[in-house]
Structure formats: structure tokens, C-alpha cells
């Protein structure tokens with residue numbers, strides 16, 4: 001499915017269910033992903049379940065970006081944080097190689 005179709009569905013869901021309902025849905029879906037990851041840590045998880053819950057989280061997060069109109073802002077924050085993360089990893093690797 002292309003991004004235009006996805007966004008149409010997201011907007012229809014927000015319009016139909018309302019902002020509050022979709023915000024609650026994000027929280028519920030993140031909780032379900034958390035549960036599946038905890039199961040995995042106890043060697044009771046299944047990759048299929050994790051993928052399913054991760055898809056739900058991504059779908060609801062996309063709706064949250066629409067609700068708050070923050071897609072570009074989120075991308076800016078991701079870019080900043082990924083650059084910082086890469087720098088930190090490089091520093092940690094350099095320290096490890098010294099020791």
C-alpha cells in the first residue's frame with residue numbers, strides 16, 4: 001500500500017473514532033508490544049506476535065503524528081538523535097579499542 005492510501009485510512013480512522021480514542025489506542029498497542037517483548041525475554045515469545053504488535057504500534061504512531069501534525073518535527077528529532085547515537089557509539093568503540 002502506498003503512503004497516500006495509508007494516510008487516507010489513518011485520517012478516516014481519526015475522523016471516525018476521534019483523537020482521544022486513537023491516543024488511547026496507541027497506549028494499548030504499545031502495552032501489547034511490551035507484553036510480547038517480555039514474553040520473548042522469558043523464552044515464551046514468538047517473532048510473529050512481535051511483528052504483529054509492532055505493526056499495530058507503527059500504525060497508531062502514524063495516526064498520532066497526524067493528530068499532532070508533527071511528522072516533520074519527529075523526523076528532525078530522529079535525525080538529531082541518530083547522529084548523536086552514532087557519535088556516542090563511535091566514542092564507545094574507540095574507548096573499547098584502547099582498553
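Points worth noting:
- Label of the coordinate-derived value, volume of the Cα convex hull per residue in Å³, listed as (1) 202; (2) 125; (3) 146: (3)
- The chain, relative contact order in percent, only Cα pairs under 8 angstrom and at least six apart counted: 28 percent
- Taking 0.36 nm per residue of separation and subtracting the Cα-Cα distance, full extension of the segment from residue 49 to residue 65 would add 3.3 nm.
- Rounded to the nearest 500, the helix-only mean residue ellipticity at 222 nm of the chain stands at -31000 deg cm²/dmol, with each DSSP H run of n ≥ 4 adding -39,500 (n - 2.57).
- Full-extension gain in nm, residue 79 to residue 94, via 0.36 nm per residue minus C-alpha separation: 3.1 nm
- Distance from region 30-85 to region 3-23 (C-alpha centre basis), Å: 17 Å
Taken together, the values in this text are just the output of simple stated rules run on the coordinates, not laboratory data. Note that the coordinates shown come from a computational prediction; the quantities given were computed from them, not determined experimentally.
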